[in-house]
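*Asks:* The structure under discussion is supplied below as structure tokens; questions concerning it will follow.
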């Protein structure tokens, strides 16, 4: 019977897939994912701040010290929302590389 299975089913399908083995590995993967998303949000925040650097909002809706002070918070909030919605793909690449560095399969 084993010979018949080997002839019909490829060996990669006959062996069970090995996933994360322990709670510690699952926790490490979760931390890596969170770190990669934070990195992407930070990158996007800086990028958005640079993008809005040259824009001025005319009165009565803009200008003054309040706008300059809170513009960074707006950029950070937008970057967090972009990342939460899937981002630009940077977090996935960073996560994959971090998993490789830890000796884990992506």
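*Asks:* How fast does the range 23-101 diffuse by Stokes-Einstein, in µm²/s, taking the Kirkwood radius from C-alpha pairs at 20 °C and 1.002 mPa s?
*Replies:* It diffuses with D of about 152 µm²/s by this estimate.
*Asks:* Continuing with this model, one more query. On a full-extension model of 0.36 nm per residue, what is the gain between residue 68 and residue 47, subtracting their alpha-carbon distance, rounded to one decimal in nm? Mind showing how you got there, number by number?
*Replies:* Numbers: separation 21, 0.36 × 21 = 7.56 nm, distance 1.64 nm.
Stretched out fully, the residue 68 to residue 47 stretch lengthens by 5.9 nm.
No value in this document is a laboratory result; all are computed from the given coordinates. Computed from a predicted model, the values in this text were never measured in an experiment.
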